[in-house]
Amino acid sequence: MANIEWGKLGFAYMKTNTIVKMYYQNGQWGPVISSADDNITINSYAASLHYGVECFEGLKAFRGKNGEIRIFRPDENAKRMQRSAEYLGIAAPSVEQFIEMVKQVVLENQEFIPPYGSGASLYIRPTLIGFGPQLGVKSPEDALFMIMVSPVGAYAGSINEPVKTVIAREYDRAAPNGSGSYKVGGNYAMSLKAGKEAAKEGYKGVLYLDPKEHKYIDEFSSSNFFAIKGNTYVTVDSNTVLPSITNKSLEQVAKDLGMEVERRKVPVEELAQFDEVGECGTAVVITPVGIVDDKPTICGQECKRYTFGDPTKCGEKSLKLYKQILAIQHGEVEDTHNWCIVL
Ligand code: PLP
Ligand code: COI
């Protein structure tokens, strides 16, 4: 086991033992290569550098009570990567190749999987890029698929630390018929300016509205939106948000716990009616949102504030959902939906 202060981990790069990678050239995938070097060599004309031909995934491995390792829903990430690759017009690994490489990189970096009870996990980052020389704007015929891992703790805030967030009214992260529902790097580049301004104003999250009408809630820059209204789990139906695997799992967990589930358009003004609001995603898990400020401009003075319950602690229903999904990921309760691969 690596000598790491597991309880103090944030969400940051750490050098681990290996990355695994494979190249797509001349119409086929080459062998899987394990490398102790995190640096890769790509052509300076690579389409990923110039035209953003890149997509990625995020998933996690967890250490159970008896030391066993669980990987949460890698098949879903494999399928979502295929969808993103299809959008970019590049080759994608098969679901089997994706899962085998995830297993390999996790096993090669076992000592970096945080111990049970530490509150941390091993973040797995599969990435697919165009790497060969190219000048014209078109989908590259080659591709490099690689998977990196890093032990992580909380992303921003934590389950006991609700975050203060702001609606980005002067920025969109996606276009109405654009790439918002694909996990491509460009979407994240689009969110950096708003994120920087929000951080300067003391916010830990940026909430985007639907880019067509700016009437409905879409999602945060790196997580989906959910809310609790009475006994109902409410989340967003929009073709410009990333289809979150965590959100889909929480919808199921909510049903299993006897809650109602609604996936629908959520008008901004409905924020006033929610008991609890949260961010959900692989990195953020569930991060409760204590405050949403609605401002014409992130840095401006004018502000309508929405607060949810006690903004200093997580709401009861969000906490219940959080505990249940973590219990599944750590093997503390039966995995009735067969979500985890156990190594
Ligand atoms: N939305 C965005 C924009 C994200 O980057 C992420 C993170 O992956 C999510 C939602 C949550 O998706 P998932 O639960 O599959 O990690
Ligand atoms: C994830 O939750 O896996 C993500 O990809 C979010 C990331 C952009 C920090």
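We did not get these values from a lab; they are worked out from the coordinates using the rules stated. Please read these numbers as outputs of a predicted model, since none were measured by experiment. Cβ coordinates were reconstructed from backbone atoms using ideal geometry, including for glycine residues, and neighbour counts include every protein chain displayed.
How large is log10 I(q)/I(0) at q = 0.26 Å⁻¹ when the Debye formula is applied to the Cα atoms of segment 110-197, each weighted equally and without solvent?
Calculated log10 I(q)/I(0) at the listed q: -1.25.
What distance in nm separates the simple spin-label points at A272 and Y87, each placed 7 Å from Cα in the Cβ direction?
3.4 nm
Hey, any idea what the orientation-averaged projected area of the convex hull of segment 1-93's Cα atoms comes to, in nm²?
On the way: hull surface 33.6 nm².
Average projection, Cα convex hull of segment 1-93: 8.4 nm².
Can you pull a Stokes-Einstein diffusion coefficient for the chain at 25 °C (0.890 mPa s), Rh from Kirkwood over Cα pairs, as a whole number of µm²/s?
For the chosen part, D equals 118 µm²/s.
Taking the simple approach of a point 7 Å from Cα along Cα-to-Cβ for both R263 and E141, what is their distance in nm?
3.8 nm
Suppose R0 equals 35 Å; then what is the FRET efficiency for I42 and K248 from their Cβ-Cβ distance, rounded to the nearest 0.05? Numbers along the way, then the final one.
Details: r = 33 Å, r/R0 = 0.95.
Once the sixth-power term is evaluated, E becomes 0.55.
Can you tell me the Rg and Dmax of segment 163-329, counting just the alpha carbons, in angstroms?
When restricted to Cα atoms, segment 163-329 yields Rg and Dmax of 14.8, 44 Å.
Test of the criteria: in segment 276-324, which GluC sites (Glu not before Pro) are in a DSSP loop and have at most 11 other Cβ atoms within 10 angstrom of their Cβ? The partial results should precede the final answer.
Numbers: sites: E276, E279, E302, E316; in loops: E302.
Answer in residue order: E302.
Computed over the Cα atoms of segment 6-152, what is the convex hull's projected area averaged over all directions, in nm²?
On the way: hull surface 34.7 nm².
Taking a quarter of the hull surface, the average projection is 8.7 nm².
Antiparallel DSSP bridges in segment 163-329: what percent, to the nearest 5? Before the final figure, lay out each step's value.
Values: 23 of 37 bridges.
The answer is about 60 percent antiparallel.
Would you list W29, W339 from fewest to most Cβ contacts within 10 Å? If you can, show how the numbers build up before the last one.
Values: W29 16, W339 19.
By the 10 Å Cβ count, ascending, the order reads W29, W339.
Based only on other Cβ atoms within 10 Å, what is the fewest-to-most ordering of M1, M22? Don't skip to the answer; put the middle values down first.
Values: M1 11, M22 17.
Exposure proxy ranking, most exposed first: M1, M22.
Which trypsin sites (Lys or Arg not before Pro) does segment 1-102 hold that lie in a coil by DSSP with at most 16 other beta carbons within 10 Å? Walk me through the numbers before you get to the answer.
Working: sites: K8, K15, K21, K60, R63, K65, R70, K79, R80, R83; in loops: K15, K65.
Those satisfying the criteria are K15, K65.
Return, ordered by residue number, the residues of segment 17-42 whose backbone nitrogen is under 19 Å from a label point located 7 Å along Cα→Cβ of L107.
17-22, 31-36
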